[in-house]
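Have a look at the structure below before the remarks.
The values are calculated or read from the model by the stated rules, or taken from the named source; none is laboratory data. Quantities reported herein were computed from a predicted structural model and do not represent experimental measurements. We place every Cβ from the backbone using ideal geometry, glycine too, and count neighbours over all the protein chains shown. Ligands, DNA and RNA are excluded from the accessible area calculation, which covers all protein heavy atoms including side chains. Shrake-Rupley method; radii C 1.70, N 1.55, O 1.52, S 1.80 Å.
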Amino acid sequence: MASGTIYRRKTRAGPSSWVMHATWQEAGRRRQLKRSFRTKHAAKDELARFLGAHHAGNFVQPTRLTVAEFLEPWLDGLTNQGRRPSTLFGYRQVFKNYVLPRLGGMALQDLRVTDVDALYADLLRTGRQDGSGLAMSSVQHVHTAFNKMLNDAERKGLITRNVARLANHPSQAAARASAPEMQAW
């Protein structure tokens, strides 16, 4: 069961702040979370949001784990699940070439749908090394790998929702339609 309180913190330097202090039990240990706010109203809202999420079972422990830091353990987990080496190689290449340079330093919990939309739009415009855009099918491959990674992070309780699932990505039908027609001998 989670509980919390709000109190005013005074500083010698001048302006004071309001602190939201929440505690809960997790795995037999007492956990706590403290955050500072400028107004009492903002602290109350955050405490209410925290308690509501905790009671609903949607609470995710705040962490600064980045996309780049999560990548290797995630790929190791896929190896343990029996994924083929060619699949893992493809995922590694997709992340190394397209995702990590743009979003690798962002915290998983800070990712927004607009960030993923901007990634896909940027790849379509200037995704290649020569500055030209990637094909829709390549961006579809990036989406598939990124969506899989965020699905697993959501399943493990590291993020509250998979933002790649909500992003505007090229559909497979559009990618196939934009591909050049195959030429048979």
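Given the convex hull of the Cα atoms of the chain, what is a quarter of its surface area in nm²?
Its average projected convex-hull area is 15.9 nm².
By how many degrees, 0 to 90 and rounded to 10, does the Cα axis of helix 113-126 deviate from the longest principal axis of the chain?
Taking Cα atoms only, the helix is inclined about 30 degrees.
Find the lysine pairs in segment 1-132 meeting two conditions, Cα atoms under 20 Å apart and a separation of 8 or more places or different chains, and report how many there are.
Here the count comes out as 4.
Roughly how many Å² is the accessible area per residue of segment 54-166, as a whole number, for a 1.4 Å probe?
Computed with neighbouring chains in place, this is 54 Å² per residue.
Within the accessible area of segment 1-68, what % is carbon and sulfur when the probe is 1.4 Å and the other protein chains stay in place? Please list the in-between numbers first.
Working: 2350 of 4750 Å².
Roughly 49 percent of what the probe reaches on segment 1-68 is carbon or sulfur.
Taking 8 Å as the Cα distance limit and 6 or more residues as the minimum spacing, I'd like the relative contact order of the chain as a percentage.
In percent, rounded to a whole number, it is 16.
Over segment 38-85, consider all pairs of different Cα atoms and compute the Kirkwood hydrodynamic radius from their mean reciprocal separation; express it in Å, one decimal. Show your work: numbers first, answer last.
Numbers: mean 1/r = 0.0718 Å⁻¹.
Evaluated over segment 38-85, this radius sits at 13.9 Å.
Could you give the angle, 0 to 90 degrees to the nearest 10, between helix 85-94's Cα long axis and the longest principal axis of the Cα atoms of the chain?
70 degrees
Determine the sum of side-chain charges near residue 122: Lys and Arg each +1, Asp and Glu each -1, restricted to other residues whose C-beta is under 13 angstrom from that of residue 122. Before the final figure, lay out each step's value.
Working: positive: 102, 125, 128; negative: 115, 117.
Value of the local net charge: +1.
Give the peptides 42-48, 155-161 in descending order of average Cβ contacts within 10 Å, highest first.
The densest-packed peptide leads the list: 42-48, 155-161.
Could you check how much of the accessible area of segment 73-139 is carbon and sulfur, as a whole percent, using a 1.4 Å probe?
51 percent
For the chain, what is the calculated [θ] at 222 nm in deg cm²/dmol (nearest 500), taking -39500 (n - 2.57) for each run of four or more DSSP H residues and dividing by its residue count? The partial results should precede the final answer.
Values: 8 runs with 90 residues, N = 185.
Roughly -15000 deg cm²/dmol at 222 nm, from the helical runs in the chain.
For all pairs of alpha-carbon atoms in segment 27-113, what percent lies in each bin of width 10 Å, listed from the first bin to the last filled one?
For segment 27-113, the binned pair fractions read 13, 30, 28, 20, 8, 1 percent.
For residue 73, what charge total do you get from the other residues with a beta carbon under 12 Å from its beta carbon, if Lys and Arg give +1 and Asp and Glu give -1?
It works out to a net charge of -3.
Quick one: Karplus J couplings for segment 45-52, per residue in order, coefficients 6.51, -1.76, 1.60, θ = phi - 60°, nearest Hz, x for Gly and Pro?
Going residue by residue, I get 4, 5, 5, 4, 5, 4, 5, x Hz, with x marking Gly and Pro.
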